[in-house]
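A.B. asks: The structure is given below, and queries will be raised subsequently.
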């Protein structure tokens, strides 16, 4: 079955500044577990910036040639939300309001930013939220696009993961333990 697909850089994973290109274990080895956890999980503390001399600066990627980035660049979850939310409001909300079913396939941190918005999750609580890779999370929204709490939802989310919830919980723990 054919469905329209819209690709949007605004739903990409957050940019980890000068940490781009390092795997999680390399980053822990270089900076220490505690510092890496602060960068990965805090709401508004970004990793060190990357400048335009780095191959990892987004302005050096032709896919982003139509966008302007600061010469020194990095993102926190807060700044990731700053790019995800306008895309949601401008592109996804109109489809939802017209009665369409929308599937959002994105990266963990852009999804964390989106569910922070949908569920009204506090900045301190979002730091502990882990989104498991490849586990569909279904939201039912009311006429005001507010989530309708689903039976079996894993708090603080009001949407429900599809599949075996124990397996989903195990995958959530797997994301949580990636830097241990």
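Bear in mind that the values in this text are calculations on the coordinates, not laboratory data. Note that the structure is predicted; figures quoted are calculated from it, not measured. Please note: Cβ atoms are built from the backbone with ideal geometry, for glycine as well, and neighbour counts cover all protein chains shown.
A.B. asks: For the peptides 73-81, 35-43, what is the packing order when you average, over each peptide's residues, the other Cβ atoms within 10 Å and list the highest mean first?
C.D. replies: Peptide ranking by packing, descending: 73-81, 35-43.
A.B. asks: Note down the nm distance, to one decimal, between modelled labels 7 Å out along Cα→Cβ at residue 60 and at residue 103.
C.D. replies: Here the answer is 3.5 nm between the modelled labels.
A.B. asks: Would you mind telling me which residue in 97, 160, 33 has the biggest mean-square fluctuation in a Gaussian network model of the chain, where springs connect alpha carbons within a distance under 10 angstrom?
C.D. replies: In the Gaussian network model the winner is 97.
A.B. asks: What percent do you get for the relative contact order of the chain when only Cα pairs under 8 Å and 6+ apart count?
C.D. replies: 21
A.B. asks: Same structure, new question: Quick check: the distance between the Cα centres of segment 145-180 and segment 47-100, to the nearest angstrom?
C.D. replies: 25
A.B. asks: Evaluate the distance, in nm, between pseudo-label points positioned 7 Å from the Cα of residue 89 and of residue 124 along their respective Cα→Cβ axes.
C.D. replies: It is 2.7 nm.
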